[in-house]
Amino acid sequence: MVLLAAKAWSQGTGYFGPEQPLQIRPEVDIYYHVSEDFRLLGKLETTFIPADSNSTATVGAFADWMIAAVFRPLLSPDLAKSRALNLRLGLEYATTINPGTLQPSQSVILQEDVTPRYFLPWDILIAIRNRLQEQWSLSNGDSFTFRYLGRLQFEREFNVSQQSLTPFVNAQLAWSSPPAMWTEFRMEAGLQYGFHWFGRGQIIEANFSVVTKLEPSHSWSPVLGFIWYIYF
């Protein structure tokens, strides 16, 4: 067993398989509040894999319904954090900009989120996001994939000169069909800085995650993300 472990280490592999190249994911999310309980969201996310000269883009449109304002107001301009429940429905289109050494792809994704929240002691906010995705691949014989992504997140807001500083950690497990099994596990840590420059406010987020492919083969990838949230 020790010899096998030493051999795997020497080959750059481990329990979770070989390391894949670093991914960089900048993103912009723009929210428009129709009311204090309902808002629309436009999203643009890009992913770059410099080692493979690969880049992709995802655009999406969503509607959020924020329910039960039972929590105390926060400094963050994200109103959903003060609600006990958030419902989201939307549509995404993902496409390859530059395939590089990888295969190009296109897909359409229908997405539904149910996210309850609760305050724990020491002002720690817990959120359990349950996400369903129905994905149609437009570049692989119109194949269909159903995914469930369950994410558990802990965060805590700090008041810094009447602006919010929020560190967070989360873990996400993904189930896909086909192949009808748990296929991915992700651990993430990050920091959000909330401020009011215009509109209802803005949030800048930096995060780092490790995405582990569980099936059909093992591998893992480091991911560096940057998100700008804008609220109107």
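The values are calculated or read from the model by the stated rules, or taken from the named source; none is laboratory data. Predicted model only: the values in this text are computed from it and were never measured. Cβ sites come from the backbone with ideal geometry, for glycine too, and all protein chains shown count toward neighbours. For accessibility, only protein heavy atoms count, side chains too; no ligands or nucleic acids. Shrake-Rupley method; radii C 1.70, N 1.55, O 1.52, S 1.80 Å.
Descriptive notes on the structure:
Yes/no matrix, rows are residues, columns are (1) under 20 Å from the mean Cα position of the chain (by Cα); (2) surrounded by 14 or more Cβ atoms within 10 Å (Cβ to Cβ); (3) more than 16 Å from residue 132 (Cα to Cα):
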{"site": "62", "(1), (2), (3)": "yes, yes, no"}
{"site": "66", "(1), (2), (3)": "yes, yes, yes"}
{"site": "69", "(1), (2), (3)": "no, no, yes"}
{"site": "72", "(1), (2), (3)": "no, no, yes"}
{"site": "78", "(1), (2), (3)": "yes, yes, yes"}
{"site": "83", "(1), (2), (3)": "yes, yes, yes"}
{"site": "101", "(1), (2), (3)": "no, no, yes"}
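- Top-ranked residue of the stretch 31-57 - restricted to ones that are surrounded by 13 or more Cβ atoms within 10 Å (Cβ to Cβ) and among the acidic types (Asp, Glu), ranked as nearest to residue 221 (Cα to Cα): 52
- Residue 91 vs. criteria crowded, with 17+ Cβ neighbours inside 10 Å and in contact with a Gly (Cβ under 9 Å, 6 or more places away or on another chain): no
- Annotation: residue 73 fulfils all but one of (1) farther than 21 Å from residue 194 by Cβ; (2) in a loop (DSSP other than H, G, I, E, B); the unmet one is (1).
- Options 139, 107; residue that is in contact (Cβ under 8 Å) with a residue 24 or more places away in the chain and either in contact with a Pro (Cβ under 9 Å, 6 or more places away or on another chain) or closer than 27 Å to residue 37 by Cβ (or both): 139
- Test: residue in the stretch 84-100 that is in contact with a helix residue (DSSP H, G or I) (Cβ under 8 Å, 6 or more places away or on another chain) and assigned to a strand (DSSP E or B): yes
- Wholly within the stretch 119-232, strands (runs of 3 or more DSSP E) carrying at least 2 residues that are modelled with pLDDT of 95 or more and surrounded by 13 or more Cβ atoms within 10 Å (Cβ to Cβ): 124-137, 144-156, 163-177, 181-195, 201-213, 219-231
- Screening the stretch 12-30 for residues that are open to solvent by 80 Å² or more (accessible area, probe 1.4 Å) and part of a loop (DSSP other than H, G, I, E, B) and picking the one that is modelled with the highest pLDDT gives 16.
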